[in-house]
1. Being more than 18 Å from E224 (Cβ to Cβ) and within 9 Å of ligand 2 (Cβ to nearest atom) is the filter here, so list the residues in the range 36-54 that pass it.
2. Are there any pairs with C-beta distances below 7 angstrom linking a residue in the range 177-199 that is in contact (Cβ under 8 Å) with a residue 12 or more places away in the chain to a residue that is of a type in the set (S, T, N, Q), with the two at least 6 apart or on different chains, and if so which?
3. So V149 fits all but one of (1) assigned to a loop (DSSP other than H, G, I, E, B); (2) away from ligand 2 (no atom under 16 Å from the Cβ); (3) in contact with a Pro (Cβ under 8 Å, 6 or more places away or on another chain); what number is the exception?
4. Starting from the range 38-61, keep only residues that are under 18 Å from P159 (Cβ atoms), then list their pairs with residues that are more than 9 Å from ligand 2 (Cβ to nearest atom) and basic (K, R) whose Cβ atoms are within a distance under 6 Å, requiring at least 6 positions of separation or different chains.
5. If the requirement is being within 20 Å of the chain's Cα centre (by Cα), at pLDDT below 95 and within 21 Å of L54 (Cβ to Cβ), which of these qualifies: R216, R223, R210?
6. Give the residues of the range 190-249 that are among the hydroxyl-bearing types (S, T, Y) and either surrounded by fewer than 16 Cβ atoms within 10 Å (Cβ to Cβ) or within 16 Å of ligand 2 (Cβ to nearest atom) (or both), sorted by residue number.
7. Please verify whether T139 is assigned to a helix (DSSP H, G or I) and either modelled with pLDDT of 95 or more or at positive phi (or both), treating the condition exactly as stated.
Amino acid sequence: MAKVERVGGDNLAISDLYFSYNDELPIFQGLNIDVRPGEFLSVLGPSGCGKTTLLNLLSGFYRPDVGSVRLRGEPIQPEDPHLGYVFQASNLFPWLSAVENVEFGLRMTTRMNQEERREKARRFLQLVGLKGFEDYLPTRLSGGMQQRVSLARALVLEPHLLLMDEPFAALDAITRETMNDELLNLWDELGQTVMFITHDIDEAIYLSDRVLVLGRPPGGVFRELKNELPRPRSGPTTRTSELFWQYKKELITDISTVTSQNPRDEAEMAEVSLISKAEG
Ligand SMILES: Nc1ncnc2c1ncn2[C@@H]1O[C@H](COP(=O)(O)OP(=O)(O)O)[C@@H](O)[C@H]1O
Ligand SMILES: [Mg+2]
């Protein structure tokens, strides 16, 4: 692995948070979540339960109606250099090479010269296993490799909090498992706090120290699972252990309860409104 400094993590505190989109049904009503420095937290929930909304509130992109989101005790600002994001779509600039994409963020936030930036970007690309692909344009890279570039682009800023919104959801199962292992290695090395959003139960269990299941809006945290699976984790051993299966059974039950709680995801909402229009 390339040489990088351990960055450590910050404490994240979501306190009594209320949020709704334009006076519609509230998404969160008095949400409280504490994430300790260096913790790997997964947030699990069916589509439409507010996972992306939560992440946008954490990134400072949306403001809470009431309550607060604090990183190391201070309100989060979108331009906070201690924040890193990785989204489901890699969002790379198609006209920039892999190394230029990674370097881009450094240009905005640090006072390094061009040569230092390039060197650091190369080091982080190597860290995510892309040595030799520095000059490739995104279109010449596979989906998994593109997500590696976006991971490098987030990590190069040495964030103390890494926000990830279903980053591996579009990848095939085998690539996803490899990426899960690599993410754990990187986290072990760098030590950031991670908030990892997913709708995949296996992924949530495999990665995290704790899993939160979100209920339907404005349900908030439906359940908290403290994950006692030992680390370091490894595919065959961890995924076939008794405890893994026990957690999986519990979470499948939770998700099915949440899903049937109030069947109002976007598709169903649209259906309801079509029916009521037709009837009205
Ligand atoms: N910009 C928006 N304006 C209005 N409603 C939104 C907006 N974004 C999301 N929603 C609604 O908020 C709810 C939660 O959405 P989202 O956070 O995207 O859920 P998830 O990421 O868990 O699938 C959904 O009912 C969705 O339709
Ligand atoms: Mg989402």
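The values are calculated or read from the model by the stated rules, or taken from the named source; none is laboratory data. Remember, it's a predicted structure, so these values are computed and weren't measured experimentally. In this analysis, Cβ positions are derived from the backbone assuming ideal geometry, glycine residues included, and neighbour counts consider all displayed protein chains.
1. Answer for the range 36-54, where residues must be more than 18 Å from E224 (Cβ to Cβ) and within 9 Å of ligand 2 (Cβ to nearest atom): S47, G48, T52, T53.
2. Final answer for the pair search is M179/Q147; F196/S42; F196/S208; T198/S42; H199/S47.
3. Of the numbered conditions (1) assigned to a loop (DSSP other than H, G, I, E, B); (2) away from ligand 2 (no atom under 16 Å from the Cβ); (3) in contact with a Pro (Cβ under 8 Å, 6 or more places away or on another chain), the odd one out for V149 is (1).
4. L41/R210
5. On the way: R223 fails: at pLDDT below 95; R210 fails: at pLDDT below 95.
Just a single option satisfies the conditions, and that option is R216.
6. T198, S234, T237, T240, S241
7. The answer is yes for T139.
Yes/no per residue for (1) crowded, with 20+ Cβ neighbours inside 10 Å; (2) touching a Leu at 6+ places or on another chain (Cβ under 8 Å); (3) over 23 Å from G8 (Cα atoms):
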position: L92; (1), (2), (3): yes, no, yes
position: N101; (1), (2), (3): yes, yes, yes
position: E116; (1), (2), (3): no, no, no
position: V128; (1), (2), (3): yes, yes, no
